[in-house]
Amino acid sequence: MKSRGLLVAAVVLVALTGTLYWSNHHKSASSADSFPESSPKILTLQQAGVTALSIRKKSGDRVMLVRNDAGQWQITAPEALAADPDAVSSMLSTLSSLNSDRLVEDKASNLDQYGLAQPSIDVEITKKDKRVQQLLIGDDTPTGNGAYAAVAGDPRVFTMASYNKNSFAKSVNDLRDKRLLTFDSDRVSSIELTAKKRTITFGRSKDEWQIVRPQPFRADRFQVEELLRTLHDAKMDLSGSDDDKKATAAFGSGTPFASAKVTDVSGTQELQVRKNKDEYYAKSSAVAGTYKISSGTGAGLDKDLNAFQNKKLFDFGFSDPDKVEVHDGPKSYFLTHSGSDWWSNGAKMDPGGVSALIDKIRDLSASKFAETGFGAAVLDLSVTSDSGKHVEKVLLAKNGDNYLAKRENEPALYELNAAAVAELQKSAADLKPAAVPAPPPSKK
């Protein structure tokens, strides 16, 4: 009786296993028939092979772009404008390998149900061989995180991610070059900035900047490069409602705020900026029209001479100098670097003390600059570096509670904090010879 029960249970188990296998196998085959490929590519093309693009949104004008013989993109419609190379490159990158989220229909017979009969966006891509492909983008999917898409002449319908759709939902303002100055930053030789009722001229030799006007001053390289970036990044603000007439009127009634001239190998370009209430407007010699600009651009130009002067008193940087001389009233200190050792008057010096003094000299920096007030020098510093090729000489004079410093053959007067000078004097006074090594123990 027990054996018979086991036999029945075994038969039932075999039957259930066969049914489950058949069910799973049948389901897999049906799924494969319905969705032969889950997320195939919509388009594949070579960016370098595209010569023209045409984008039309249902609610706007068609924007047409053409790549010229020099490889530069130009907008030809609805008006002739220079194109933003980064914006066009981003769009081409998306087009070059456009993946779908999934294949909806392999052979769609009714495109209207997907919004593809009259697409919300269509993109025509012209290649070097004159062949044209047309990307159609229709309605958003019910979930709202994608849109239906197809390629003209291909019966398949796909869904694509919303961010891909947004890559093509571009207006002429999105695609135009919004730069107000088009100079080559690497080849700029001079900048002239007029701001705060003063004109400052900067000259560049190789990678070094110098203030040329109003007087020859050492320039803070970082600050001048920041000014160059501000001018290079000055762009039209087309996000608001200001049209050309409003911007022109606002510029005309505005107060002159700043102007800049930038010279590179192709010539000189000028930017004029005016402030009207809390807004900034600009005209450029490189681009026709008057435009609103960002407040950040305005702030980047609102700087005086002191902002661009190099506040560091010495240029030898973080490399060890070759010689250091300090004359502090009746006291004088002479240091010479040889190999890894420092020497003074024939005596090898304690490296820690010398390093502390050099650090104090290196760190001398102006809190601000003065026009006058330099009196009798009370401290004389000289630093030789770069294998004797670079000699910097500085005189310090007392000025009220602080000090004024003056570099040899330079007009700038650096105001120094008294505490920094006192620390330097103390470090010089603390110099001492290196400890003499103890003799080895005698052998008995």
Subject >> Sole exception among (1) over 28 Å from PRO437 (Cα atoms); (2) part of a strand (DSSP E or B) for THR336, by number >> reply: (1)
Original post:
If you scan segment 276-294, which residues turn out to be in contact with a Leu (Cβ under 9 Å, 6 or more places away or on another chain), of a type outside the set (Phe, Trp, Tyr) and in a strand (DSSP E or B)?
Top reply: ALA282, LYS283, SER284, LYS292, ILE293
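Here's the yes/no breakdown for (1) within 19 Å of SER59 (Cα to Cα); (2) modelled with pLDDT of 95 or more; (3) under 27 Å from the mean Cα position of the chain (by Cα):
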| residue | (1), (2), (3) |
| --- | --- |
| SER96 | no, no, yes |
| ARG102 | no, no, no |
| SER120 | yes, yes, no |
| ASN145 | no, no, no |
| ASP174 | yes, no, yes |
| PHE183 | no, yes, yes |
| TRP209 | no, yes, yes |
Subject >> Leading residue by the ranking (farthest from the chain's Cα centre (by Cα)) among those in segment 404-428 that are loosely packed, with under 13 Cβ neighbours inside 10 Å and within 30 Å of SER340 (Cβ to Cβ) >> reply: LYS426
**OP:** Select from segment 430-442 the residues that are open to solvent by 60 Å² or more (accessible area, probe 1.4 Å) and touching a residue at least 12 places away in the same chain (Cβ under 8 Å) and write down the one among them that is farthest from HIS327 (Cα to Cα).
**Re:** ALA435
**OP:** For residues that are open to solvent by 50 Å² or more (accessible area, probe 1.4 Å) and either small (Gly, Ala, Ser) or over 21 Å from ALA412 (Cβ atoms) (or both), tally how many sit in segment 303-326.
**Re:** 5
Original post:
Filtering segment 207-226 down to residues that are touching a residue at least 12 places away in the same chain (Cβ under 8 Å) and assigned to a helix (DSSP H, G or I), which residue is surrounded by the most Cβ atoms within 10 Å (Cβ to Cβ)?
Top reply: VAL224
**OP:** Determine the pairs where a residue that is within 22 Å of ALA152 (Cβ to Cβ), located within segment 30-49, has a partner that is in a loop (DSSP other than H, G, I, E, B) and at pLDDT below 90 with Cβ atoms under 7 Å apart, the partner being 6 or more residues away or on another chain.
**Re:** none
Subject >> Filter result (assigned to a helix (DSSP H, G or I), farther than 29 Å from ASP315 by Cα and of a type outside the set (Ser, Thr, Tyr)) within segment 227-268 >> reply: ASP244, LYS245, LYS246, ALA247, ALA249, ALA250, PHE251, GLY252
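Could you go through segment 336-348 and let me know if any residue there is among the charged types (D, E, K, R), under 27 Å from PHE217 (Cβ atoms) and open to solvent by less than 60 Å² (accessible area, probe 1.4 Å).
Let us first name the residues in segment 336-348 that are among the charged types (D, E, K, R), namely 341, 348.
Now narrow it down to the ones that are under 27 Å from PHE217 (Cβ atoms): none.
For segment 336-348, residues among the charged types (D, E, K, R), under 27 Å from PHE217 (Cβ atoms) and open to solvent by less than 60 Å² (accessible area, probe 1.4 Å): absent.
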Original post:
Within segment 49-65, can you find the residues that are assigned to a strand (DSSP E or B) and either of a type in the set (Gly, Ala, Ser) or under 17 Å from LYS165 (Cβ atoms) (or both)?
Top reply: ALA52, LEU53, SER54, ILE55, ARG56, LYS57, VAL63
Original post:
So, in segment 366-403, of the ones that are of a type in the set (Asp, Glu) and open to solvent by 60 Å² or more (accessible area, probe 1.4 Å), which residue ends up nearest to GLY339 (Cα to Cα)?
Top reply: ASP386
Original post:
Mind checking which residues of segment 273-285 are surrounded by 18 or more Cβ atoms within 10 Å (Cβ to Cβ) and closer than 17 Å to LEU193 by Cα?
Top reply: VAL273, ARG274, LYS275, TYR280, TYR281, ALA282, LYS283, SER284
Original post:
Does segment 110-126 hold any residues that are touching a residue at least 40 places away in the same chain (Cβ under 8 Å) and open to solvent by 40 Å² or more (accessible area, probe 1.4 Å), and which are they?
Top reply: LEU111, GLN118, GLU124
Original post:
Picking from PHE158, PHE183, which residue would you name as being assigned to a strand (DSSP E or B) and either small (Gly, Ala, Ser) or surrounded by 19 or more Cβ atoms within 10 Å (Cβ to Cβ) (or both)?
Top reply: PHE158
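Among the listed residues LEU98, LEU53, which satisfies the condition of being aliphatic (A, V, I, L, M) and closer than 20 Å to LYS130 by Cβ?
LEU53 is the lone residue from the list that is aliphatic (A, V, I, L, M) and closer than 20 Å to LYS130 by Cβ.
Give me a count of the residues in segment 66-109 that are β-branched (Val, Ile, Thr) and open to solvent by less than 30 Å² (accessible area, probe 1.4 Å).
3
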**OP:** Inspect all residues belonging to segment 153-174 and state whether any of them is touching a residue at least 40 places away in the same chain (Cβ under 8 Å) and at positive phi.
**Re:** no
Original post:
Inside segment 132-142, can you point out the residues that are in contact with a strand residue (DSSP E or B) (Cβ under 9 Å, 6 or more places away or on another chain) and open to solvent by 10 Å² or more (accessible area, probe 1.4 Å)?
Top reply: VAL132, GLN133, GLN134, LEU136, ASP139, ASP140, THR141
Original post:
Which numbered condition trips up LYS197, out of (1) surrounded by fewer than 18 Cβ atoms within 10 Å (Cβ to Cβ); (2) over 21 Å from the mean Cα position of the chain (by Cα); (3) modelled with pLDDT of 95 or more; (4) charged (D, E, K, R)?
Top reply: (3)
**OP:** Give the residue that is modelled with the lowest pLDDT, with candidates limited to residues of segment 238-253 that are buried (at least 18 other Cβ atoms within 10 Å of the Cβ) and farther than 14 Å from SER284 by Cα.
**Re:** ASP242
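The values are calculated or read from the model by the stated rules, or taken from the named source; none is laboratory data. Not measured: the values here are computed from a predicted model. Cβ atoms come from the backbone with ideal geometry, glycine included; neighbour counts cover every protein chain shown. What goes into the accessible areas is simple: the full protein's heavy atoms, side chains included, and nothing from ligands, DNA or RNA. Shrake-Rupley method; radii C 1.70, N 1.55, O 1.52, S 1.80 Å.
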